[in-house]
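**Q** The structure's right below; bear with me while I get my questions together.
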Amino acid sequence: MTEPPLQIVDRGPVRVITVHRPDKLNALDRATLSALHRAFDDAADAADVRVVVLTGTGPKAFVAGADIAEMSDLSPADAREFSLLGQRMMRRVERMPKPVIAMVNGFALGGGLELAMCCHLRIAADTAKLGLPEVTLGLIPGFGGSQRLLRLAGRAAALELCLLGAPVDAARALQLGIVNRAVPAAELETETMRLAERLAGQAPLAMRGILDVVAVGGECAIDEALEYESAQFGLVFSTEDAREGTRAFLERRKPVFRNR
Ligand code: COA
């Protein structure tokens, strides 16, 4: 029986989405790309979900790339469509109104690293290997990897990883700023859930504003970005949670955020 490409489990306010094609090291074929897009649409709409954790069925791979078998005989037009399908899904993840954490439990190669990079935070097992090996297949990254790595870690790192195609370990990825944290593999899940639960306790509308200003500001000139920040700063004052947060500080108590 064909297994579904995703497993989706809610752990309180944290939705864990797992790419589940273990026999193919969780490679992203068209069906998985579409399923991921739908899963992130659902997670965005689900009122009780505050944070999303994205991972792959382990322990070997997070996601070992786009599905090479599916790609090998694409026409140029189909290849462009495949790229757009992946890019649209990853842009959906990047513009999620709630934080998305990539729990990188193993190989994050090609489309796998591209998927991790469109998440807002990345936490990697010390055993993980991350890279963009497309060049070794005679290809280039097609799900936004060249552009997101450039923006995340700068031109030198982007060119090194793209041109050599050699993966880096988690410690080097941390040094390059590609991941936020590298932890012992045995602690990956606990550390990720701790981070997710901490985020789940923050004011959701403030987090939504932060995700929005960082995404928009990263893509426009500084004066425009600052103006946008001021507009969003004003908007957050329309929320009950902003009143609650500031009052709770003055009253020396813990705030209770209600997502209003
Ligand atoms: N697309 C499709 N299938 C893939 C895949 C991918 N990106 N990555 C792994 N698989 C499949 C293998 O073909 C194999 O399937 P099979 O058992 O039916 O032959 C299975 O997953 C296990 O992979 P295997 O290569 O046997 O594991 P390994 O431990 O020897 O090597 C990797 C692990 C990750 C080093 C190796 O699988 C690899 O290099 N994968 C491709 C990485 C890549 O280039 N990604 C970018 C694509 S653009």
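**Q** Can you find, within region 127-174, the residue that is nearest to MET89 (Cα to Cα) among those that are more than 10 Å from the ligand (Cβ to nearest atom), in contact (Cβ under 8 Å) with a residue 12 or more places away in the chain and open to solvent by 80 Å² or more (accessible area, probe 1.4 Å)?
**A** For region 127-174, the residue satisfying everything is ARG151.
**Q** Give the number of residues within region 108-126 that are within 16 Å of the ligand (Cβ to nearest atom), over 11 Å from the mean Cα position of the chain (by Cα) and either open to solvent by less than 10 Å² (accessible area, probe 1.4 Å) or closer than 14 Å to ALA182 by Cα (or both).
**A** 5
**Q** May I ask you to verify whether ALA225 is more than 30 Å from LEU159 (Cα to Cα) and out of contact with any strand residue (DSSP E or B) (no Cβ under 8 Å at 6 or more places or on another chain)?
**A** No, not satisfied.
**Q** Another question, if that's okay. When you scan region 174-195, do you find a residue that is acidic (Asp, Glu), more than 30 Å from GLY58 (Cβ to Cβ) and either in a helix (DSSP H, G or I) or at pLDDT 95 or above (or both), even just one?
**A** no
**Q** So which of ARG247, ARG253 ends up being open to solvent by 90 Å² or more (accessible area, probe 1.4 Å), part of a loop (DSSP other than H, G, I, E, B), at pLDDT 95 or above and not aromatic (Phe, Trp, Tyr)?
**A** Testing whether each residue is open to solvent by 90 Å² or more (accessible area, probe 1.4 Å), part of a loop (DSSP other than H, G, I, E, B), at pLDDT 95 or above and not aromatic (Phe, Trp, Tyr) leaves just ARG253.
**Q** Does ARG208 meet the test of being over 24 Å from ARG92 (Cβ atoms) and out of contact with any strand residue (DSSP E or B) (no Cβ under 9 Å at 6 or more places or on another chain)?
**A** When the stated conditions are applied, ARG208 does not pass them.
**Q** From the list VAL100, VAL135, VAL104, exactly one residue is more than 20 Å from ALA39 (Cα to Cα) and β-branched (Val, Ile, Thr). Which is it?
**A** Just a single option satisfies the conditions, and that option is VAL135.
**Q** Name the strands (runs of 3 or more DSSP E) wholly inside region 1-83 in which the number of residues that are within 15 Å of the ligand (Cβ to nearest atom) and surrounded by 15 or more Cβ atoms within 10 Å (Cβ to Cβ) is 3 or more.
**A** Ranges flagged: 61-63.
**Q** Is at least one residue of region 4-12 small (Gly, Ala, Ser), over 19 Å from ARG194 (Cα atoms) and in contact (Cβ under 8 Å) with a residue 40 or more places away in the chain?
**A** No, every residue in region 4-12 fails to be small (Gly, Ala, Ser), over 19 Å from ARG194 (Cα atoms) and in contact (Cβ under 8 Å) with a residue 40 or more places away in the chain.
**Q** Please tell me if GLN87 is more than 10 Å from the ligand (Cβ to nearest atom), touching a Phe, Trp or Tyr at 6+ places or on another chain (Cβ under 9 Å), open to solvent by 20 Å² or more (accessible area, probe 1.4 Å) and in contact (Cβ under 8 Å) with a residue 40 or more places away in the chain.
**A** yes
**Q** If the Cβ limit is 9 Å and pairs must be 6+ apart or interchain, which residue in region 59-73 that is without any contact (Cβ under 8 Å) to a residue 12 or more places away in the chain and of a type in the set (Lys, Arg) pairs with which residue that is part of a strand (DSSP E or B) and within 7 Å of the ligand (Cβ to nearest atom)?
**A** So the pair list comes out empty.
The values are calculated or read from the model by the stated rules, or taken from the named source; none is laboratory data. Keep in mind that what you see is a predicted model, and the values were worked out from it rather than measured. All Cβ positions, glycine included, derive from the backbone under ideal geometry; neighbour counts span all protein chains shown. For accessibility, only protein heavy atoms count, side chains too; no ligands or nucleic acids. Shrake-Rupley method; radii C 1.70, N 1.55, O 1.52, S 1.80 Å.
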